[in-house]
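The values are calculated or read from the model by the stated rules, or taken from the named source; none is laboratory data. In this text the structure is predicted, and so the values were computed from the model without any measurement. Heads up, the Cβs are rebuilt from the backbone with ideal geometry, glycines too, and the neighbour counts pull from every protein chain shown.
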Amino acid sequence: MEPIDLYTSTGVKFWRHPEQMHSFLNKKGKTVISTHISPTGRCNLNCEYCSVSKRGPVEEISLGVIKTYISELLTRGLKAVILTGGGEPTLYNQFAEIVDYIREQGLGLGLITNGTAGKNFSNMDWVRISVNYDTINTLLKSTYVFDLGTTIGLSMVYSGKNKQISYIRLNELMDKLGAEYLRVLPNCLPQELDEAHEQIDRWIQDGTTYKGFAERVIHQHKQHRTPPLASCLQSYFRPYLSEYEGGTVFPCDSVVLNNHLSRFDKKYSICPAHKVGDYLDGRILPKFAPFNDCQGCVFYNNNMMLYRFTHGVHEFHKHQDLIKHENFI
């Protein structure tokens, strides 16, 4: 199994969940494997490449709404939760309470963080820390709390000032944290993606002279491609709960890339958090069509894989062995 399949959403892990896949095929509504939750829009940074840089006034989701949402998804097959943003999730006032509640339900838990606010990352299956030029010194000086066995990874957008971060500093940070990987991806501007990916390949190649660097780097080749579908099939497996309007379900986090929105737009909202079950049962239909509205989609391959599954094509037989973090799709 390639590292990119373990630590990013390539679609491979879907085949480890036949119950959800067949529920999807038979329209039974028990399709959810994992969900992303953005509890707050508050952030202590102002990154130049932020995908939600045009978000409105800071909003948050109450703990009660989050619990209701998770409780409903537990009846729909939910196995894992990823806390993300939005903003910086560890700034949420009841962050510890969310973590405790998720763990009490027996769910897997991952965290995407900038690593400069909260420092206690215990009780996580994995933590991915975003690295940038303005924070790497803070990350190197900070002391973090991780459980034994927690998978630690880093993520960096290869853009702007981040290109000035030295291989030595990145290696030092990976060694300090015991990071298993550094995911590198370009800023999500479709007109510049091909050149950006070429730059990343050259950057990684130049880094091979630094012992232990290149072999830990994952170059995620994100591309924007519009799925020729009337609905987002992936949304039934990994819905995204945004802080928008106090808790709104979206199909994914890449809707902010459509038409350079840089925010979660009501057009792409599916339903309030407490009605997610109605969506999964087909009683609520989305207000957008990917073939017409999702020019910024980075989950084209996943959606087309699911479409082919509805037409009899599957890969269950190829993935019978346990996959690391397989509940995080």
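Things worth noting here:
- Test for residue 76: is it in contact (Cβ under 8 Å) with a residue 60 or more places away in the chain, within 19 Å of residue 236 (Cβ to Cβ) and in a loop (DSSP other than H, G, I, E, B): yes
So that you can scan it fast, the table gives a plain yes or no per residue for (1) surrounded by 22 or more Cβ atoms within 10 Å (Cβ to Cβ); (2) at pLDDT 95 or above; (3) among the acidic types (Asp, Glu):
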position: 22; (1), (2), (3): no, yes, no
position: 32; (1), (2), (3): yes, yes, no
position: 35; (1), (2), (3): yes, yes, no
position: 45; (1), (2), (3): no, no, no
position: 67; (1), (2), (3): no, yes, no
position: 104; (1), (2), (3): no, yes, yes
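- Any chance residue 168 is part of a helix (DSSP H, G or I), among the hydrophobic types (A, V, I, L, M, F, W, C), buried (at least 17 other Cβ atoms within 10 Å of the Cβ) and over 22 Å from the mean Cα position of the chain (by Cα): no
- Members of the stretch 7-65 that are part of a strand (DSSP E or B) and either more than 16 Å from the chain's Cα centre (by Cα) or hydroxyl-bearing (Ser, Thr, Tyr) (or both): 34, 35, 40, 60
- Scanning the stretch 58-100 for residues that are touching a His at 6+ places or on another chain (Cβ under 6 Å) and either among the basic types (Lys, Arg) or more than 27 Å from residue 262 (Cα to Cα) (or both) yields one hit, 68.
- Within the stretch 212-224, the set of residues being modelled with pLDDT under 95 and either out of contact with any strand residue (DSSP E or B) (no Cβ under 9 Å at 6 or more places or on another chain) or more than 20 Å from residue 195 (Cα to Cα) (or both) comprises 212, 223, 224.
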